[in-house]
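Peer 1: Mind having a look at this structure? Questions to follow.
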Ligand code: SF4
């Protein structure tokens with residue numbers, strides 16, 4: 001098995017709070033999580049190449065989890081007020097930046113099929129000034145191939161389980177937050 005431990009430093013330098021390497025075979029994929037992109041419908045649904053129905057979905061993710069040998073999971077922790085403010089999109093853009101940066105570094109290390117996943121619609125984050133996704137509308141390359149990565153939720157990834165696999169004991173986001181509490185965002189890179 002290749003040694004990808006240096007990718008943890010790459011993720012940290014790009015802004016990750018914590019990073020772990022896990023076995024992709026342990027990742028939980030749930031169809032009902034991917035269905036939540038449709039009902040209740042997410043604003044990003046159908047608007048970019050990175051979101052359903054234009055991604056492989058849970059079926060493809062299950063195949064990849066069997067095929068890939070390692071996975072890097074990273075965490076970005078920010079004050080809850082930031083996550084609830086207009087700055088949220090900056091945090092989501094950072095998740096794409098870290099995921100794509102780690103993917104590039106992994107390819108340089110020989111993981112030619114490295115595949116990164118992020119959260120938040122790339123249409124809203126990187127192409128909000130354009131009426132359409134260039135890939136979907138014009139059949140041309142993505143305007144932001146160095147940044148935009150597919151959605152984890154569109155692939156049915158159970159993010160809470162992913163965080164557990166990484167060894168992070170994080171508060172349940174459904175519980176009433178305590179004052180001064182932190183919010184947590186996660187990204188994933190599959191490594192061959
Ligand atoms: S062109 Fe814009 S909206 Fe389409 S996939 Fe690329 S970043 Fe996303």
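None of the figures in this text is laboratory data; all of them are computed from the coordinates on show. The structure presented is a predicted model; accordingly, all values stated were derived computationally and were not measured. All Cβ positions, even for glycine, are placed from backbone atoms using ideal geometry, and neighbour counts span all protein chains on display.
Peer 1: Just to verify a number: FRET efficiency for residue 9 and residue 129, C-beta to C-beta distance, R0 = 30 Å, to 0.05? Don't jump to the answer; show the numbers that get you there.
Peer 2: Numbers: r = 34 Å, r/R0 = 1.14.
Plugging the Cβ-Cβ distance into 1/(1 + (r/R0)^6) gives 0.30.
Peer 1: On alpha-carbon atoms, Rg over Rh for the chain using Kirkwood Rh?
Peer 2: 0.94
Peer 1: Taking the Cα-to-Cβ direction at residue 69 and at residue 182 and moving 7 Å from each Cα, how far apart do the two end points lie in nm?
Peer 2: Roughly 3.3 nm, to one decimal.
Peer 1: Ok, one more. Top mean-square fluctuation among 159, 19, 78, Gaussian network model of the chain, C-alpha springs under 10 Å?
Peer 2: Largest GNM mean-square fluctuation: 78.
Peer 1: Among 120, 15, 180, determine the one that fluctuates most according to a GNM of the chain built with springs between C-alpha atoms less than 10 Å apart.
Peer 2: Comparing 120, 15, 180 in the GNM, the peak value goes to 180.
Peer 1: Additional query: Taking only DSSP H segments of four or more residues, each worth -39500 (n - 2.57), what value at 222 nm results for the chain once the sum is divided by all its residues, to the nearest 500 deg cm²/dmol?
Peer 2: -9500 deg cm²/dmol, from helical runs alone.
Peer 1: Next question, about the same structure. From Cα pairs below 8 angstrom and at least 6 apart in sequence, can you work out the relative contact order of the chain, rounded to a whole percent?
Peer 2: Working: 342 pairs, mean separation 70.5, N = 192.
Answer for the chain is 37 percent.
Peer 1: With 10 angstrom as the radius, rank 109, 33 by how many other C-beta atoms surround their C-beta, starting from the fewest.
Peer 2: So the ranking, lowest neighbour count to highest, is 109, 33.
Peer 1: Let me ask another. Can you put 168, 64 in order, fewest other beta carbons within 10 Å first?
Peer 2: 168, 64
Peer 1: So, one more: Using square roots of five times the C-alpha gyration tensor eigenvalues, list the equivalent-ellipsoid semi-axes of the range 103-192 in whole Å, biggest first.
Peer 2: Working through the eigenvalues yields semi-axes of 28, 20, 11 Å.
Peer 1: Turning to a different aspect of this structure: What percent do you get for the relative contact order of the range 11-99 when only Cα pairs under 8 Å and 6+ apart count?
Peer 2: 46 percent
Peer 1: While we're on this one: Mind sorting 43, 158 by how few other Cβ atoms lie within 10 Å of their own Cβ, fewest first?
Peer 2: 43, 158
Peer 1: Please find, in a Gaussian network model of the chain (springs between Cα atoms separated by less than 10 Å), the residue of 21, 136, 147 whose mean-square fluctuation is greatest.
Peer 2: 136
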